[in-house]
Amino acid sequence: MQKHVEELCAVIMTGGKSSRMGGGIKSFKKFNNKTIFDRIYKILNNQINNIIINTNSEEEYFKKYNKTIIKDKIKGHLGPLAGIHASLNWINKNMPQVNWLISVPSDTPFIPNDLINRLYLKAKENNKQIVLAKSNNIIHPVIGIWNINLLESLEYNLLNGERKIIVWAKNHELDFEEFFEENYDPFFNINYEEDLIKAKEIEENFIAE
């Protein structure tokens, strides 16, 4: 798959409160003199043209990327499902050529260079509406591909109190794509200050420039 496939759009999810980091924008924390967000953005930008950013505050920090910034449509800090919903809703209204959304959290700096391609191919080849990423047999519900046709179902479930991605996803045609790196988890996520130290070590020892 080439980068120019236009039926795909990726969203970087930055809608959380980063409470375990003491607040602020977690994705702008640095290790090895580079922010978490910049790493994710670069990896995605090498794979896909259409990228949007989901955030519920601090919009000014993201303006330099010249990407569309969207807030949760359903208010109340309802979690990642609300960010996925807002993204599907925006795509539905503004990008009629896009049939698929790929969601990525803003705290996983080592996402694979073939993430978009593999999720997309798994969904298309197996005729699935949702494909979620896995590593070491652990499901990563925020990292996945979602068909645009899921918007109505997701909105209904959100408004009726559903907050868990996996619970809602299991009501649809669901599959998983397993990613493996021998020396580190490709979906290692940064929640605490000490995770920045571990990320620094992973990058220095295992990530090729």
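The values are calculated or read from the model by the stated rules, or taken from the named source; none is laboratory data. Predicted, not measured: the structure shown is a model, and the values here were computed from it. For neighbour counting, all protein chains shown are included, and Cβ atoms are generated from backbone atoms with ideal geometry for every residue, glycine included. With ligands, DNA and RNA removed, areas are computed over all heavy atoms of the protein, side chains included. Shrake-Rupley method; radii C 1.70, N 1.55, O 1.52, S 1.80 Å.
Of GLU177, GLU155, GLU173, which residue is over 18 Å from the mean Cα position of the chain (by Cα) and over 22 Å from HIS77 (Cβ atoms)?
GLU173
Tell me which of these VAL104 doesn't satisfy, since it passes every other one: (1) over 19 Å from the mean Cα position of the chain (by Cα); (2) within 22 Å of ILE12 (Cα to Cα); (3) outside any loop (DSSP other than H, G, I, E, B).
(1)
On the given criteria, is TYR41 modelled with pLDDT under 95 and surrounded by 15 or more Cβ atoms within 10 Å (Cβ to Cβ)?
Details: modelled with pLDDT under 95: no; surrounded by 15 or more Cβ atoms within 10 Å (Cβ to Cβ): yes.
Considered against the rule, which asks whether it is modelled with pLDDT under 95 and surrounded by 15 or more Cβ atoms within 10 Å (Cβ to Cβ), TYR41 comes out as no.
When both residues are 6+ apart or on different chains and their Cβ atoms are under 7 Å apart, which pairs have a first residue that lies in segment 36-62 and is under 19 Å from HIS85 (Cα atoms), and a second that is of a type in the set (S, T, N, Q) and surrounded by fewer than 21 Cβ atoms within 10 Å (Cβ to Cβ)?
Hits for this filter: ILE51/ASN45; ILE52/THR68.
Got at least one residue in segment 123-130 being within 22 Å of ILE48 (Cα to Cα), in a helix (DSSP H, G or I) and open to solvent by less than 90 Å² (accessible area, probe 1.4 Å)?
Yes; the residues of segment 123-130 include at least one that is within 22 Å of ILE48 (Cα to Cα), in a helix (DSSP H, G or I) and open to solvent by less than 90 Å² (accessible area, probe 1.4 Å).
Looking at segment 88-105, I want the residues that are touching a residue at least 12 places away in the same chain (Cβ under 8 Å) and over 17 Å from GLN129 (Cβ atoms) and have a partner that is assigned to a helix (DSSP H, G or I) and open to solvent by 20 Å² or more (accessible area, probe 1.4 Å) with Cβ atoms under 8 Å, at least 6 apart or on another chain. Which pairs are those?
If the second residue must be assigned to a helix (DSSP H, G or I) and open to solvent by 20 Å² or more (accessible area, probe 1.4 Å), the pairs left are PRO105/PRO80.
Please enumerate the residues belonging to segment 145-191 that are over 19 Å from ILE111 (Cβ atoms) and open to solvent by 90 Å² or more (accessible area, probe 1.4 Å).
Passing the criteria: ASN149, GLU152, TYR156, LEU159, ASN160, ARG163, LYS164, LYS170, ASN171, GLU173.
What pairs can you find where one residue is in segment 159-188 and within 17 Å of LYS124 (Cα to Cα), the other is open to solvent by 40 Å² or more (accessible area, probe 1.4 Å) and in a loop (DSSP other than H, G, I, E, B), and their Cβ atoms are less than 6 Å apart, with a gap of 6+ or different chains?
HIS172/GLN129; GLU173/LYS128; GLU173/GLN129; ASP175/ASN126; ASP175/LYS128
Does ILE139 satisfy being modelled with pLDDT of 95 or more and more than 22 Å from SER153 (Cα to Cα)? Outline the logic, then answer.
On the way: modelled with pLDDT of 95 or more: yes; more than 22 Å from SER153 (Cα to Cα): no.
The answer is no for ILE139.
Which residues, taken from segment 53-74, are assigned to a strand (DSSP E or B) and either surrounded by 21 or more Cβ atoms within 10 Å (Cβ to Cβ) or of a type in the set (Phe, Trp, Tyr) (or both)?
ILE53, ASN54, ILE70
Considering only segment 75-99, how many residues are of a type in the set (A, V, I, L, M) and not in a helix (DSSP H, G or I)?
Going residue by residue through segment 75-99, those that are of a type in the set (A, V, I, L, M) are 78, 81-82, 84, 86, 88, 91, 95, 98.
Filter once more, keeping what is not in a helix (DSSP H, G or I): 78, 95, 98.
Adding up the residues that qualify gives 3.
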